[in-house]
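The values are calculated or read from the model by the stated rules, or taken from the named source; none is laboratory data. Just so it is clear, the structure is predicted and the values come from calculations on it, not from any experiment. Quick reminder, even Gly has a Cβ in these numbers, built from the backbone with ideal geometry, and neighbours come from all protein chains shown.
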Amino acid sequence: MLESLLKQRKALLDNPQSPLVLLRQLDRRLVLWCEHHPQELAGDIWRTAQGDTPAFWSGALRLELIMRLRAGSSDESIEWAEWETGNEYDTGSHWQMLACNSGAGLPEVWPESPQQQLWAAMAAIRRGQEARVGACWQACAGMQAGVILMSEPAVKSLMPELWHTGQPFWREWFFPLLLAAPEQLQPAMINWLAGKVSDASVIDAMGISGSDRFMPLLVEVAAHGDEQGEVANEALLRRKASGQDLGQRYCQWWANWLRVQGAPWSLFGGCW
């Protein structure tokens, strides 16, 4: 049953047009199942249930479920989570949780993985402890949060350093940075991205920016019908969305992560 629920959840998260209400309905079933079968929240059982294609951020979801089911018990604090971080999988999930939720203190030991350092920086900025992180990620998260002024020279100087360190997970720092930037900086940032990622990803970035200046190009590309056209069409559909589908919620989260608890892929879509 757990494996089936995680597969259904992944299918929803993989489709940007999925209504948020379906995710919430599925998560109610998931909470009830884990409430009656708490043994399935053990790390090894959970990872086996994911199969060969893990659900999006499934480890962080597992920690959320454990928090929810332990709430009100004698162990109300979520500090216990440091606890199960005996490998990179659990450690990464832990930092994702801390970056998206404010309910726990930061561990003394800082992660070594660059991707986890990004989440650690976000977790620190959320708690006003940005001085704890390295200069690269501190500047990135500081610009996202409005703590550091974004100017074209500053952004152009920072992005090559971020790319060198975090190219494999560029979406996780580039999109929040893009959405935090003044609209006049967005074309320069997207031009910088061109040539480093696929053309479809560049089109996706234009759509996620939400800028009207890219609209004519998106409309033109959407008419082609190829891979880039499909991405452009999805971007145009997102602009018309009510905000209750997951694609639109992703965009809202990238722009507002510091001011909300949880993320679109969190349990029940987070508490916004």
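Where helices (runs of 4 or more DSSP H) fall wholly inside the range 196-252, the ranges with 1 or more residues that are closer than 22 Å to ALA180 by Cα, without any contact (Cβ under 8 Å) to a residue 40 or more places away in the chain and among the hydroxyl-bearing types (Ser, Thr, Tyr) are 199-209.
In the range 177-195, the residue that is modelled with the highest pLDDT out of those that are surrounded by fewer than 14 Cβ atoms within 10 Å (Cβ to Cβ) and in a loop (DSSP other than H, G, I, E, B) is PRO182. Across the range 67-103, the number of residues qualifying as more than 13 Å from TRP119 (Cβ to Cβ) and either modelled with pLDDT of 85 or more or of a type in the set (A, V, I, L, M) (or both) comes to 6.
When you look at ALA255, is it touching a Pro at 6+ places or on another chain (Cβ under 9 Å) and not basic (Lys, Arg), yes or no?
In short, yes.
Applying the condition of being at pLDDT 85 or above and either among the charged types (D, E, K, R) or touching a His at 6+ places or on another chain (Cβ under 7 Å) (or both) to the range 111-149 and asking which residue is surrounded by the most Cβ atoms within 10 Å (Cβ to Cβ) yields ARG126.
The residues of the range 255-272 that are in a loop (DSSP other than H, G, I, E, B) and touching a Leu at 6+ places or on another chain (Cβ under 6 Å), listed by number, are PRO264, TRP265. The residue list GLU64, GLU35, GLU108 contains one member that is assigned to a loop (DSSP other than H, G, I, E, B) and at pLDDT 80 or above, which is GLU108.
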